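The values are calculated or read from the model by the stated rules, or taken from the named source; none is laboratory data. This is a predicted model, so every value here is computed, not measured. Ideal geometry is used to build each Cβ from the backbone, glycine not excepted, and the neighbour counts take in all protein chains shown.
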Amino acid sequence: MIRVFPRRTKWTPTDELAFVGDPPLFIPPEMPVRISCTFTWDREEAFRLQRSWSRIYSDVQVGGPAFDDSGGEFVPGRFIKDGVTITSRGCPFSCPWCFVPAREGDIRELPIIPGHIIQDNNLLACSKEHVAAVFKMLEGQKAAVFSGGLDSKLLTPYHVKLLKSIKVKEMWFSCDTKDALYPLEIVANKLHDFKQNQKRCYCLIGFDGEGPEQAEKRLSRVFDLGFLPFAQLYRPLDSEKPKHNSRVWRDLARKWSRPAIYKSRHAIRP
Ligand code: SF4
């Protein structure tokens with residue numbers, strides 16, 4: 001199957017049947033074409049690509065998360081590059097800035113396909129048996145990257161023991177509001193044995209009336225707790241542009257999404 005993507009991201013597959021944009025000069029023989037659209041603001045481009053690829057191929061369909069595709073079975077390497085795995089979909093929570101609950105519904109566990117980059121929305125919301133099976137799978141993998149996110153509220157001593165039982169490259173948490181600092185402080189205590197480079201933290205900024213100063217205070221606190229923050233400017237669910245686009249916000253997001261910049265201005269933990 002040919003897979004087509006409106007834009008390249010770090011997760012885009014790179015095999016010979018994966019394409020970004022229009023058909024190239026030399027094309028594969030007739031086969032189904034699936035256009036995978038992740039971002040709502042790329043929907044128009046996805047339909048344009050459908051017209052473009054339909055000039056050559058007879059079965060060209062558009063889908064993906066941007067079309068509220070709830071995500072069925074996970075096929076490794078198909079719409080996301082090799083090494084990435086998704087062992088569950090959905091989430092039991094409904095944070096107001098997040099598209100996951102509306103798109104994928106409540107948490108549901110999938111068969112576990114090997115991979116060292118875990119892209120589940122909320123792995124720790126899965127059953128104890130499922131989480132244990134995922135860590136068993138990770139024992140035979142390269143150093144794990146929990147890029148989908150580990151939920152601070154759900155991290156237990158049992159999970160910490162599992163994390164210590166495997167090689168971990170990165171664990172991503174999140175701290176999207178001031179209230180999220182408290183559970184992160186507890187996580188900081190539980191994971192004090194891990195290095196700061198292993199502990200990453202997505203930080204939504206500018207949501208619900210938050211100002212730049214409040215956001216920076218939170219980002220500094222996340223850093224001081226031993227995590228490397230990654231600032232993400234809030235953008236409404238169907239918008240390509242962040243809600244705040246002033247210089248102040250852009251500079252803040254730039255600074256706090258590049259560890260090389262903010263590390264040089266703060267003391268580094270071992
Ligand atoms: S916990 Fe994470 S995945 Fe679940 S709704 Fe909130 S932000 Fe989305």
**OP:** Please work out if LYS153 is basic (Lys, Arg), within 16 Å of the ligand (Cβ to nearest atom), over 29 Å from GLY115 (Cβ atoms) and surrounded by fewer than 22 Cβ atoms within 10 Å (Cβ to Cβ).
**Re:** no
Subject >> Residue count for segment 135-150, restricted to those that are under 18 Å from the mean Cα position of the chain (by Cα), away from the ligand (no atom under 16 Å from the Cβ) and buried (at least 20 other Cβ atoms within 10 Å of the Cβ) >> reply: 2
Original post:
Using beta carbons and a limit of 9 Å, which pairs, at least six apart or on different chains, have the first residue in segment 166-195 and part of a loop (DSSP other than H, G, I, E, B) and within 16 Å of the ligand (Cβ to nearest atom) and the second one at pLDDT 95 or above and among the basic types (Lys, Arg)?
Top reply: CYS175/ARG218; CYS175/ARG221; THR177/ARG218
**OP:** Please tell me if GLY105 is in contact (Cβ under 8 Å) with a residue 60 or more places away in the chain and either within 16 Å of the ligand (Cβ to nearest atom) or crowded, with 19+ Cβ neighbours inside 10 Å (or both).
**Re:** no
Subject >> Filtered residues of segment 30-45 (kept if part of a helix (DSSP H, G or I) and out of contact with any Phe, Trp or Tyr (no Cβ under 8 Å at 6 or more places or on another chain)) >> reply: THR40, TRP41, ASP42, GLU44, GLU45
**OP:** Please tell me if VAL131 is in the same structural domain as LEU237 (by TED's automatic domain parsing), within 16 Å of the ligand (Cβ to nearest atom) and assigned to a helix (DSSP H, G or I).
**Re:** yes
Original post:
If you scan segment 196-209, which residues turn out to be surrounded by fewer than 20 Cβ atoms within 10 Å (Cβ to Cβ) and within 16 Å of the ligand (Cβ to nearest atom)?
Top reply: TYR202, PHE207, ASP208
